[in-house]
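> Sending over a structure as structure tokens; questions will come in a sec.
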Number of protein chains: 2
Amino acid sequence: MGVTKRHIHSMRANQIADLAKILSNPARVAIIEYIGDCDGCLCQDISEKIRLSQPTTSQHLQVIKRAGVLKSQFKGKAQYYSIDARKWEQLQELFYDFFEHTKSKMSEK
Amino acid sequence: MGVTKRHIHSMRANQIADLAKILSNPARVAIIEYIGDCDGCLCQDISEKIRLSQPTTSQHLQVIKRAGVLKSQFKGKAQYYSIDARKWEQLQELFYDFFEHTKSKMSEK
DNA sequence: ATATTTTATCGTAATATAGCGATATTACAA
DNA sequence: TTGTAATATCGCTATATTACGATAAAATAT
């Protein structure tokens, strides 16, 4: 049927999948890389940098933002985006734990 | 148009996106968790464990395998899957570097 | 109020993904 | 060779994703 059956999986598996989805598109990876560089950048600048249209860039920004990884702030007419350092750290830990946990189970054999 | 424009992004961004895609579905996360537990398990057992049909499970296994994260080996009529520890380590490092690199750029400001 | 600038949303089209039943393939056993 | 068991592939449907042009909304400046 084509709908992911979230309910049959653990909270943790769903959480990891949700956050991995942020990074599962190269445009979003590029956006995060660029925002890391400039610290507080405009949608328009990002759009130019990654060479995607303004609407497409804005949509990707919303996806990352909905997951809680981005902060944004209006200054004048422009909206400045930056990475939420706390959330970024949490995200890193989640992935780290998953990798380590999987490794530790492997090495028991 | 709806096709991801891989060519406008860096190799690195594409690589991260490709590997994140493996984890972007909770069924695949659950499969990896389970394989870590049993170390050499059958498609059928995985299918029962994660409560998805055998064809669906097999397809997810192929996705993970194509990315190089799974090894498989026939013993009799059964195919035993296990995680490629080397590749798993590489994957972890790629993510780790990406997270750290992004953080270090943030802290410079 | 009007114009300008920046970002967000809407509508739409093309492609990708997730899932399953039916069937094919593969390997062993009798 | 025939049967059985395990896995892979095919064909299909439903939903999700990616992208863009057009347009709306928000904020400032004139």
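Any read-out appearing in this document is the output of simple, stated calculations on the displayed coordinates, not a laboratory observation. Predicted, not measured: the structure shown is a model, and the values here were computed from it. For neighbour counting, all protein chains shown are included, and Cβ atoms are generated from backbone atoms with ideal geometry for every residue, glycine included.
> Name the helices (runs of 4 or more DSSP H) wholly inside chain A in which the number of residues that are farther than 19 Å from B:A20 by Cβ is 2 or more.
A:26-38, A:43-50, A:54-66, A:85-107
> Restrict the check to the stretch B:28-49 and report whether at least one residue is at the interface with another protein chain (Cβ under 10 Å from one of its Cβ atoms), more than 15 Å from A:A13 (Cα to Cα), within 11 Å of the chain's Cα centre (by Cα) and away from DNA strand D (no atom under 12 Å from the Cβ).
No: zero hits.
> Scan the stretch B:5-16 for residues that are free of Cβ contacts under 8 Å to residues at least 12 places away in the same chain and either within 14 Å of DNA strand D (Cβ to nearest atom) or closer than 24 Å to A:T4 by Cα (or both) and jot them down.
Scanning the stretch B:5-16 gives B:K5, B:R6, B:H7, B:I8, B:H9, B:S10, B:A13, B:N14.
> Hey, another quick one. B:S53 versus (1) surrounded by fewer than 15 Cβ atoms within 10 Å (Cβ to Cβ); (2) over 20 Å from A:N14 (Cα atoms); (3) of a type in the set (G, A, S): which is the lone unmet condition?
(2)
> Let me ask another. Within the stretch A:77-100, identify whether any single residue is out of contact with any strand residue (DSSP E or B) (no Cβ under 9 Å at 6 or more places or on another chain) and either away from every other protein chain (no Cβ under 12 Å) or β-branched (V, I, T) (or both), and answer yes or no.
yes
> Only one of these conditions is not met by A:N14: (1) in contact with a Pro (Cβ under 7 Å, 6 or more places away or on another chain); (2) surrounded by fewer than 17 Cβ atoms within 10 Å (Cβ to Cβ). Which number is it?
Just one mismatch for A:N14, condition (2).
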